[in-house]
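Reading through the structure tokens given below for one structure.
The values are calculated or read from the model by the stated rules, or taken from the named source; none is laboratory data. The structure displayed is predicted, hence computed values, not measured ones. Cβ placement follows ideal geometry from the backbone for every residue including glycine, while neighbour counts extend to all protein chains displayed.
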Amino acid sequence: MGKKIFKTTLKIFGGIILLLALLYGLFHLWEYASGGKFVKYLRANSETVGLEESFSYDVAKGDIENSKLIMVGEAHGFEEPTKFDVHFFKYLNANFNVKNYFAELDFVQAEYLNRYLLSKDEKLLEQVLKYWVVIQGRNNRDYFDKYVNFQEYYQEVTEERKFRFIGIDKIQDWSLTTKYLNELIPPDQNIEPLEFGKEQFVERLLNQIDALTSFYSENTDTLLKISHIRKNVEFVRDKVNREEVMFSNFYSIYQKEGLGNRKVYGYFGLYHIFQYRINGAHPLASKIRQSDLGLENKMLSFNFLMNDAHMVTSSKRLPAFLRDEGAYTRMPVSADNMLVMYIYGIKDYKRMTAEHHKSLVKMNADKNPYTDSRRLNTMFQLLPVTDLFELNDIGKPYTQYTIFVRNSDWAEPMTELNQ
């Protein structure tokens, strides 16, 4: 009796496996067979180059000319986005005089990063990246070298093309913020320098800011910086949502500095550059689009899409069976992984981009077949090991360009984690 039950169970299990394999094969066959018009569109509206080459950006030039805000959303922890950021910004700076770079840094981190551009003091750069919100970018050779490349470029360009970083993130490094404010204390003033600590620190910091505000009441530039820091300290105290903090900071700087008559650039994590709702909430770009800044039809969003790639991640953040030896894991990541994340329609990109290549794809051209399709708008997974993006406003232009990369290496770590 037991053997009979075992054999029956084995047959049922085998049948289920066979059925799943059949469904899996049919899905891929159908996805491929129905992709003809989509692949045709991609090939007609893209530029594809090898990983060691750089785009000409000719496919995007017209849109860039007609835009005011260009935003790039990276998938953190990969090599290729760090290289793209430098090359693309150089292109925008040289051809469109873009000089304002909005970053996923807090205000003070960006201030010290701008000092680094002037001084080439790598100790300053180390301070900026020590508690950067992009954890994969801490103590990382590729991210560090990215800013070294920016510094070298800054030294090369003429005064008319000198650029700066603008941090709009919530406060990430309290020690650095405290250091910055302490440096503003004049030697002859009875204002107590502070050290970062937990006990009533925010209240004591706000008191120090009040004293500095009184002293610099006649110095407009310094007063504006102090006021901006105060607002961000209050954001933390009042537990304001991070996306709202980033939008508020962008909004106030964009308005107060009169940036509406210039092109500006922003480089952020992928989520922040989507122009409509993700998982029921409005990302930064969506909030900007809905605001009264007049940017609704003057925004370009570029999103990265990685396939057959590797990402750096902290080993201790992974279950033991997924870890490499040491502090970091070189984790395989691919948008066609059924178990972890599968983007329906990803084969369209793979059919027009060879291995070890990347494509810059214009997604807002006329007669785009993706506009009224679930392709590239639907993600699913068999194992719930990572969060997925749910696009709540199907058919809306979430991004205008996609950078599809095959076989990117990880962003290479330096030494032990610094957290």
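Points to keep in mind about this one:
- Residue match in segment 5-21 (condition: among the charged types (D, E, K, R) and either more than 23 Å from L376 (Cα to Cα) or at pLDDT below 60 (or both)): yes
- Every listed requirement among (1) surrounded by fewer than 22 Cβ atoms within 10 Å (Cβ to Cβ); (2) over 21 Å from T415 (Cβ atoms) is met by L105 save one, (1).
- Counted residues, segment 191-249 - those being hydrophobic (A, V, I, L, M, F, W, C), in a helix (DSSP H, G or I) and either under 22 Å from D169 (Cα atoms) or outside the structural domain of S175 (by TED's automatic domain parsing) (or both): 15
- Of all residues in segment 178-197, at least one satisfies being modelled with pLDDT of 95 or more and within 30 Å of A285 (Cβ to Cβ).
- If the condition is being of a type outside the set (S, T, N, Q), under 17 Å from L259 (Cβ atoms) and in contact with a Phe, Trp or Tyr (Cβ under 8 Å, 6 or more places away or on another chain), then segment 94-109 contributes V98, K99, Y101, F102, A103.
- Residue tally, condition surrounded by fewer than 22 Cβ atoms within 10 Å (Cβ to Cβ), more than 24 Å from Y147 (Cβ to Cβ) and in contact (Cβ under 8 Å) with a residue 40 or more places away in the chain, over segment 267-293: 8
- Screening K225 with (1) within 21 Å of F165 (Cα to Cα); (2) of a type in the set (D, E, K, R); (3) at pLDDT below 95 gives one miss only, at (3).
- Subset of segment 321-355 that is of a type in the set (F, W, Y) and in contact (Cβ under 8 Å) with a residue 24 or more places away in the chain - its residue that is surrounded by the fewest Cβ atoms within 10 Å (Cβ to Cβ): Y344
- Helices (runs of 4 or more DSSP H) (entirely within segment 32-108) containing at least 2 residues that are farther than 30 Å from N249 by Cα and touching a residue at least 60 places away in the same chain (Cβ under 8 Å): 36-44
- Residue, surrounded by the most Cβ atoms within 10 Å (Cβ to Cβ), within segment 208-256, restricted to residues that are free of Cβ contacts under 8 Å to residues at least 24 places away in the same chain and charged (D, E, K, R): K231
- Among the numbered conditions (1) on the phi > 0 side of the Ramachandran plot; (2) in contact with a Lys or Arg (Cβ under 6 Å, 6 or more places away or on another chain); (3) small (G, A, S), the only one that G326 does not meet is (2).
- Scanning segment 349-382 for residues that are closer than 19 Å to L51 by Cα and either of a type in the set (D, E, K, R) or in contact with a Pro (Cβ under 6 Å, 6 or more places away or on another chain) (or both) yields K350, R351, E355, K358, K362.
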